[in-house]
1. Please name all residue pairs, on different chains or six or more residues apart, with Cβ atoms under 9 Å, provided the first residue is in the stretch 224-237 and is closer than 8 Å to residue 194 by Cβ and assigned to a helix (DSSP H, G or I) and the second residue is open to solvent by 10 Å² or more (accessible area, probe 1.4 Å) and hydroxyl-bearing (Ser, Thr, Tyr).
2. How about the stretch 228-254: which of its residues are within 19 Å of residue 305 (Cβ to Cβ) and surrounded by fewer than 24 Cβ atoms within 10 Å (Cβ to Cβ)?
3. From the residues in the stretch 312-321 that are in contact with a helix residue (DSSP H, G or I) (Cβ under 8 Å, 6 or more places away or on another chain) and not hydrophobic (A, V, I, L, M, F, W, C), which one is nearest to residue 225 (Cα to Cα)?
4. Which pairs have Cβ atoms under 6 Å, sit 6 or more apart or on different chains, and link a residue in the stretch 426-437 that is under 13 Å from residue 340 (Cβ atoms) to one that is open to solvent by 10 Å² or more (accessible area, probe 1.4 Å) and assigned to a loop (DSSP other than H, G, I, E, B)?
5. Give the residue that is farthest from residue 409 (Cα to Cα), with candidates limited to residues of the stretch 83-110 that are open to solvent by 50 Å² or more (accessible area, probe 1.4 Å) and in a loop (DSSP other than H, G, I, E, B).
6. Mind checking which residues of the stretch 433-477 are within 22 Å of the chain's Cα centre (by Cα), aliphatic (A, V, I, L, M) and assigned to a loop (DSSP other than H, G, I, E, B)?
7. For the stretch 21-48, what are the residues that are over 29 Å from the mean Cα position of the chain (by Cα), part of a loop (DSSP other than H, G, I, E, B) and either under 15 Å from residue 61 (Cα atoms) or not hydroxyl-bearing (Ser, Thr, Tyr) (or both)?
Amino acid sequence: MATTLITGGTVVSATGRGPADVLIDGETIVAVLHPGSELLGVDLAAAVDTVIDATGKYVIPGGIDAHTHMQLPFGGTSASDTFETGTRAAAWGGTTTIIDFAVQRYGERVQDGLARWHELAAGNCAIDYGFHQIVGGVDQDSLAALPGLIDEGITSFKMFMAYPGVFYSDDAQVLKAMQVSAETGLLTMMHAENGPVIDVLAEQLVASGKTDPYFHGIARAWQAEEEATHRAIMLANITGAPLYVVHVSAKQAVEQLAWARDKGQNVFGETCPQYLYLSLEEQLGASSDQWGAFEGAKWVCSTPLRSRAEGHQDHMWQALRTNDLQMVSTDHCPFCMKDQKELGRDDFRAIPNGIGSVEHRMDLMYQGVVTGEITLERWVELTSTTPARMFGMYGKKGVIAPGADGDVVIYDPNGHTSIGYEKTHHMNMDHSAWEGFEIDGHVDTVIARGKVVVDDGRYLGTKGDGRFVRRGLSQYLI
């Protein structure tokens, strides 16, 4: 087994930082040593196969993106990143594990949807991967299938209060599924928007000639997110189920989560980089010479980008500081403008929903450290440690400690990253949602299960490096 010693760096965890050397044996971290320690020999560097000099750099656990959608069928097309291209892009950006969503639709068996996702991912991933289970048709068969997911290493499932006719579950269905969650320890994940209300508002806007991407954000009003978030919380309260609300974008929805948490309820929430940096006015309302007012389609996602004038972005940062929101994922679901987003050229309702961010999450969140929004330790906590704890992987993932997988990122705070389609872009899409963003830091080296997969601007990984991660029950519950 090959051995690697990372020397000279500052190891950063969710609880602190300090100089330390990290020894990896094969796929596993075996020691974290005080610099110059002779515990394992007088000259450890001479005894290992590879020495990596991390002087002046941060040594952090590999990023975990707990919300991605590779190859997701949506709106008459499919997400443009495959498991191969999407996980390779993730590796470039310092993410060493993703959790994707296996899909069960109306009339399908949960087991068949899961089997399909295993087929798509197996042997194709550059980094480790796990699955959540989307339950798009809550009935007696799917309810009976849920407890068996635990034995498959899948300990969370997602329902939708939006998208009637596609994924939508009504309150009775949500209640029944949450009862299973309470009985088994499965974590209920919720897309919390009032879908029927949104559909009416969208229909009315289009009927009045308001068809541009900007009106996607108007139709999906923050009130629809706040109301659905509260309703999900109350249903979880009735059943005793743990609840995790995905892609929170409205400050009013955060207030609902904080209210429930203050009462001691097992309620959690994530946000995404787009809700910290992008806005209704600047992105959904954008125009260009090439696309005109349809330029905003690049940023059509659900939940939508919110108004900067209303202060949603600042509130998201605040919620990350106060732990009213516990983590940052991407909801990575990329589509090209050509032939995909274009499907909604004359009607924003037909624009495939999704933004590509899996490559940039670690950098974008580090920029929040630079600007003083979060601490260095909180950066690691939000992007790696809490995802590992929330989704039953901590100890093997999310930490630099003996016994953990050799998933390590060496990050240079004195480096620089210019994001753009012609600059830093490895996702399978024809534009960058983050064009022009400048990051005061750089991912220098990425190690996944002890193998260097990215180093000094070179990709050294191979297709199939990643393995399926069987997750345990959440380690974050109150």
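1. Sorted first by the residue in the stretch 224-237, then by its partner, the list stays empty.
2. So in the stretch 228-254, the residues within 19 Å of residue 305 (Cβ to Cβ) come out as 228-229, 245-254.
Within the stretch 228-254, 246, 247, 251, 252 meet the criteria.
3. First pass over the stretch 312-321, keeping only residues in contact with a helix residue (DSSP H, G or I) (Cβ under 8 Å, 6 or more places away or on another chain): 312-313, 315-317, 319-321.
With the extra rule that they be not hydrophobic (A, V, I, L, M, F, W, C), the set shrinks to 312-313, 315, 321.
Values: 312: 13, 313: 15, 315: 15, 321: 22 Å.
Restricting to residues being in contact with a helix residue (DSSP H, G or I) (Cβ under 8 Å, 6 or more places away or on another chain) and not hydrophobic (A, V, I, L, M, F, W, C), the top hit is 312.
4. 428/80; 429/80; 429/336; 430/336; 430/338; 431/421
5. Looking only at the stretch 83-110, we keep the residues that are open to solvent by 50 Å² or more (accessible area, probe 1.4 Å), and these are 84, 88, 92, 105-109.
Those still in the list that are in a loop (DSSP other than H, G, I, E, B) too: 105-109.
Working: 105: 37, 106: 41, 107: 43, 108: 40, 109: 39 Å.
Across the stretch 83-110, the extreme among qualifying residues is 107.
6. Those that are within 22 Å of the chain's Cα centre (by Cα), aliphatic (A, V, I, L, M) and assigned to a loop (DSSP other than H, G, I, E, B): 433, 469, 473, 477.
7. Once the filter is applied, which keeps residues that are over 29 Å from the mean Cα position of the chain (by Cα), part of a loop (DSSP other than H, G, I, E, B) and either under 15 Å from residue 61 (Cα atoms) or not hydroxyl-bearing (Ser, Thr, Tyr) (or both), the stretch 21-48 yields 34, 35, 36, 38, 39, 40, 41, 42, 43, 48.
Every residue, every condition in (1) open to solvent by less than 40 Å² (accessible area, probe 1.4 Å); (2) at pLDDT below 95; (3) assigned to a loop (DSSP other than H, G, I, E, B); (4) in contact with a Gly (Cβ under 8 Å, 6 or more places away or on another chain), yes or no:
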| residue | (1), (2), (3), (4) |
| --- | --- |
| 373 | no, no, yes, no |
| 377 | yes, no, no, yes |
| 381 | no, no, no, no |
| 385 | yes, no, no, yes |
| 400 | yes, no, yes, no |
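The values are calculated or read from the model by the stated rules, or taken from the named source; none is laboratory data. Here the structure is a predicted model, which is why all the values come from computation and not from measurement. So basically every Cβ, Gly included, is an ideal-geometry build from the backbone, and we count neighbours across all protein chains shown. Each accessible area value is taken on the protein alone, full model and side chains, heavy atoms only, with ligands, DNA and RNA left out. Shrake-Rupley method; radii C 1.70, N 1.55, O 1.52, S 1.80 Å.
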